[in-house]
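> Take this structure, written in structure tokens, and hold onto it; I'll ask about it next.
The values are calculated or read from the model by the stated rules, or taken from the named source; none is laboratory data. All figures in this text were calculated on a predicted structure; none of them were measured in a lab. Methodologically, a virtual Cβ is constructed for each residue, glycine included, from the backbone with ideal geometry; neighbour enumeration extends over all protein chains shown. We work out accessible area using only protein heavy atoms, side chains counted, and drop any ligands, DNA or RNA first. Shrake-Rupley method; radii C 1.70, N 1.55, O 1.52, S 1.80 Å.
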Amino acid sequence: MAEQKTEAGGWGALNSSLHFLRRESFLKGNATLFRMNQPRGFDCPGCAWPDPKNPSPTEFCENGVKALTYETTTKRATPELFAKHTVTEMRGWDDFTLENTGRLTHPMTYNPDTDRYEAVSWDEAFERIARHLRSLGSPDDAAFYTSGRTSNEAAFLYQLLGRLFGTNNFPDCSNMCHESSGVGMGESIATGKGTVTLEDFEKADAIFVFGQNPGTNHPRMLSELEKASKRGARIVSFNPLKEAGLLNFTHPQNAVDMLLGRSTPISSHYYQVQIGGDMAAVRAMAKFILEKAESDRSVLDHDFLERHTHGFEEYRRLVAETPWEVLLEQSGLERQQIQEAAEVYFGAGSVICCWAMGLTQHRHGVANIQEVVNLLLLRGNIGRPGAGACPVRGHSNVQGDRTMGITEEPKEEFLASLEKEFGFTAPRHHGFSTVHTIKAMAEGRVGFFLGMGGNFASATPDSDLTWQALRRCGMTVHVSTHLNRSHVVHGAAALILPCLGRSEADIQAGSRQSVTVEDSMSMVHASTGINRPASEHLKSEPAIIAGIGAKLFPNGPVDWNYLVSDYDHIRECIESVIPGFADYNKRIQQPGGFHLPNPPANREWRTSTGRANFISNALPRLSVQPGHLRLMTLRSHNQYNTTIYDSGDRYRGITGERRVLFLNADDMRELGLTEKSSVTIRSHAADGRERRAPEFRPIAYSIPKGCAAAYYPETNVLVGIDEHAVKSHTPMSKFIEVSLELER
Ligand code: SF4
């Protein structure tokens, strides 16, 4: 049985950070670290956890160190590397080996005659892209994908490029992660963003954490949870897995705790809900509270309900009609556990609810989010200090990209102000999200794919179909820092455009430029790279987009070179087009930047009812066939999205392997499996198509019976393209019906 860790941080985090610094770039890495997440420094290219107003001199976590050393590595993927290996050969490498070749140094173009990538000039690369785009039958034959690392300035120019070209095909990584949060909260309270700030964590009496593993995916959140725990706040976690970061934490920068080996308990209550059972668990809490309210009015905020909400009575009736048996069966929890959690909830003056993929990547992902918002509304826990909704974003600027217009469903007012600013007619018809882009490419309806960062081939569901789709494209182009799967699964023509890292100096027209990002709590702040770039041939993301724009639209209406000669020019345009960015260039000069308006945080409800809406969704149907399991995909602690920093997963007791399948010990016994077995995981999607992931080693683990977990991207092949959330189309990577076939 894997030796699960019950404590995060500590000496393990320190040793791991030193390991990556030593392995990748000791001197440069160390010198750069102390400018990360600092005023006048650069923003960590990792997750979107906000920086405190007064950051500590070492304002970074272990995974921030990995994200940085990934950029500052001394390894280089030069034209010589590409000359030595055919693309077919590289396709046989695993994801770690591909990215471990280091930083790309030159623009590269694929030569089908030699089956190799060869260096190409920037000018020629831009010319080929423009020529290919002009050759398309329709602007909608092109798709412009965005990964959440893209800065505000690059994202704004990117959407401008695509819309000038005539399409709204802007699939982005948010489609695969928090889209369900955006759609769910949009209907409930008319915002897709969290309503809390970092300061609210210091005021909350209770913090509920649903379907999130902050110890790996947002590690600095543990500092806030540690402080909250130390001051007596209750922390209630719902997660099928017992995650170390939600159990105990030793702050690696607290010398006393480190020397004494003293850790702080994080969760005061921990519930291993079964996969897919969160909605039932939250509704069960609401049921307990509403039943209690019949005899004790104080458990509800009646004034808030009357003055600020819509649909309460309908919701109250639905909850009353939902039988306890169904709620307990679906959640996999005991009534006593639900009562405990509910008592913590209504016993707390102010409550924050946090969540991540464990809620969003389900067919009922949107309903999951709306049920959590319903719970918050019962006691007016939105729009006051210490209370609110907190979807925690995984990518450093994924929220900013959406704010900049990276969406396949742009709002009319945004398009109208864009047209006014640039004097063109923007397309109105909605475009393709990620899953629709894959289907359109597979059916030959999209023949041009441009990836602004990320690793589309590995991050997406239904890998076999996605790879076929990318290969069917006439041209695939990727703006990247490292070689990855998407470069070796390519279209007839293929280009790799190497860009600057977040930590690298971006000089335009002789002066250093800053970009801006927006964190999970709507704070917009500047990020200024400091290091000499990994290669003199790299360009910034904005400069790459401007290079394509200038070739594609040589006669305007946008003066691309003017805009990228000084990014203040881009921000002036953003200020004119997007509300909330007044005095943009001035306000990013202040340390920490500025907060974007968040109407629900001020109890302003811009919904169709003019109120915060209780949304009454039916519970989902969660059953799987007998002998089948519910599989959830997840990250290891040595992984960031699809980037594998190293094999092994310290907190889960895994060393040197990734094809492991976490199973309940009783399920293993009943299936006749041991930890020496090897199995093929087979998924059972509604389309009946065969999807398999072979060679997984079963590992007995603390997970509810009938549930299983394994790492992505290795298991993304199992997620059917039509297996996605209702309304948000977020792939249901947290609920895959599977069966196991014994190989040996
Ligand atoms: S918490 Fe996220 S943003 Fe902060 S240092 Fe760690 S990885 Fe970077």
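> What's the center-to-center distance, using Cα atoms, between segment 694-708 and segment 74-143 in Å?
Centre-to-centre distance over Cα atoms comes out at 38 Å.
> Need the full-extension length gain, ASP113 to THR74, defined as separation in residues times 0.36 nm minus the C-alpha distance. One decimal, nm.
Numbers: separation 39, 0.36 × 39 = 14.04 nm, distance 3.13 nm.
In short, 10.9 nm is gained.
> Loop only per DSSP, at most 11 neighbouring Cβ atoms within 10 Å: give me the trypsin sites (Lys or Arg not before Pro) in segment 399-506, ordered by residue number. List each step's numbers first, then the result.
Values: sites: ARG402, LYS411, LYS420, ARG428, LYS439, ARG445, ARG471, ARG472, ARG485, ARG502; in loops: LYS411, ARG428, ARG445, ARG502.
Hits after loop and neighbour filter: LYS411, ARG428.
> Could you tell me which of the pairs LYS66/LYS539; LYS193/LYS539; LYS242/LYS439; LYS193/LYS705; LYS66/LYS676 are separated by over 27 angstrom between their Cα atoms in the structure shown?
Working: LYS66/LYS539 23 Å; LYS193/LYS539 31 Å; LYS242/LYS439 36 Å; LYS193/LYS705 34 Å; LYS66/LYS676 32 Å.
Cα-Cα > 27 Å for LYS193/LYS539; LYS242/LYS439; LYS193/LYS705; LYS66/LYS676; rest within.
> A further question on this structure: At a 1.4 Å probe radius, carbon and sulfur cover how many percent of the accessible area of segment 629-742? Present the calculation step by step, with values, prior to reporting the outcome.
Working: 1880 of 3730 Å².
Roughly 51 percent of what the probe reaches on segment 629-742 is carbon or sulfur.
> Next question. Expressed as an acute angle from 0 to 90° and rounded to the nearest 10, what is the orientation of the C-alpha long axis of helix 541-552 relative to the principal long axis of the chain?
50 degrees
> Could you give the dipole magnitude of the chain about its Cα centre, charging the beta-carbon of Lys and Arg +1 and that of Asp and Glu -1, in debye to the nearest 20?
Details: 78 positive and 88 negative charges, 155 e Å.
Charge dipole of the chain: 740 debye, to the nearest 20.
> Quick one: accessible surface of TYR270, probe radius 1.4 Å, all protein chains present, in square angstrom to the nearest 10.
The value for TYR270 is about 40 Å².
> Counting helices only, and only those DSSP H runs with n ≥ 4, report the 222 nm mean residue ellipticity of the chain as the sum of -39,500 (n - 2.57) divided by its residues, in deg cm²/dmol to the nearest 500.
Values: 31 runs with 268 residues, N = 744.
Mean residue ellipticity, 222 nm, calculated: -10000 deg cm²/dmol.
> Find how many whole Å separate the alpha carbon centroid of segment 180-239 from the alpha carbon centroid of segment 513-544.
So the separation of the two Cα centres works out to 27 Å.
> While we're on this one: Once Lys and Arg get +1 and Asp and Glu get -1 on their Cβ, which of LEU27, CYS61, ASN37 lies farthest toward the positive end of the dipole of segment 1-84?
Towards the positive end, the residue furthest out is LEU27.
> Among PHE126, ASN168, THR680, pick out the residue whose Cα is farthest towards the positive end of the charge dipole of the chain, where Lys and Arg carry +1 and Asp and Glu carry -1 on C-beta, about the Cα centre.
Positive-end residue among those listed: THR680.
> Further question: So for the chain: antiparallel DSSP bridges make up what percent, rounded to the nearest 5? Could you put the intermediate results ahead of the total?
Working: 36 of 88 bridges.
Just about 40 percent of them are antiparallel.
> By how many degrees, between 0 and 90 and to the nearest 10, does the Cα long axis of helix 365-378 differ from the longest principal axis of the chain?
50 degrees
> If you don't mind, there's one more thing I want to ask. For segment 619-744, give the magnitude of the charge dipole about the Cα centre (Cβ charges: +1 Lys/Arg, -1 Asp/Glu; no others), in debye to the nearest 20. Walk me through the intermediate numbers first.
On the way: 18 positive and 16 negative charges, 44 e Å.
Rounded to the nearest 20 debye, it is 220 debye.
> Give the accessible surface of segment 582-623 per residue, rounded to a whole number of Å², with probe radius 1.4 Å and ligands, DNA and RNA excluded.
Values: 2260 Å² over 42 residues.
I get 54 Å² per residue for this part.
> Kindly report, to the nearest 10 Å², the accessible surface of ASP43 as traced by a 1.4 Å probe over protein heavy atoms only.
Estimated to the nearest 10 Å², ASP43 gives 10 Å².
> Turning to a different aspect of this structure: Straight-line reach only, C-alpha to C-alpha below 22 angstrom: list the lysines that LYS84 could link to, leaving out same-chain residues fewer than 8 apart.
By straight Cα distance, LYS84 reaches LYS75.
> Considering only DSSP beta bridges whose two residues both sit in segment 629-742, what percent are antiparallel, to the nearest 5? Before the final figure, lay out the partial values.
Working: 19 of 28 bridges.
Percentage antiparallel, nearest 5: 70.
> Please give the peptides 277-283, 34-40, 733-739 ranked by average Cβ packing (other Cβ atoms within 10 Å per residue), highest first, as a rough proxy for protection. List each step's numbers first, then the result.
Values: 277-283: 26.9, 34-40: 18.4, 733-739: 23.9.
Top of the packing list down: 277-283, 733-739, 34-40.
> At what distance in angstrom do the alpha carbon centres of segment 434-464 and segment 567-636 lie from each other?
24 Å
> Could you state how much accessible area LEU14 has, in square angstrom rounded to the nearest 10, with a 1.4 Å probe and all protein chains kept in place?
My reading of the accessible area for LEU14 is about 60 Å².
> Report the relative contact order of the chain, percent, no decimals, based on alpha-carbon pairs under 8 angstrom and at least 6 residues apart.
Working: 1697 pairs, mean separation 156.0, N = 744.
With pairs under 8 Å counted, the relative contact order is 21 percent.
> For segment 415-543, which whole percent of the accessible surface, found with a 1.4 angstrom probe, sits on carbon and sulfur atoms? Let's see the in-between values first.
Values: 1840 of 3730 Å².
Roughly 49 percent, rounded to a whole number.
> As I understand it, the value is the acute angle between the Cα axis of helix 463-472 and the longest principal axis of the Cα atoms of the chain; what does it come to in degrees, rounded to 10?
20 degrees
> Counting other Cβ atoms within 10 Å, keep those with at most 10, restrict to DSSP loop, and tell me which GluC sites (Glu not before Pro) in segment 635-721 are left. Walk me through the numbers on the way to the answer.
On the way: sites: GLU657, GLU670, GLU675, GLU690, GLU695, GLU714; in loops: GLU657, GLU675, GLU690, GLU714.
Those satisfying the criteria are GLU690.
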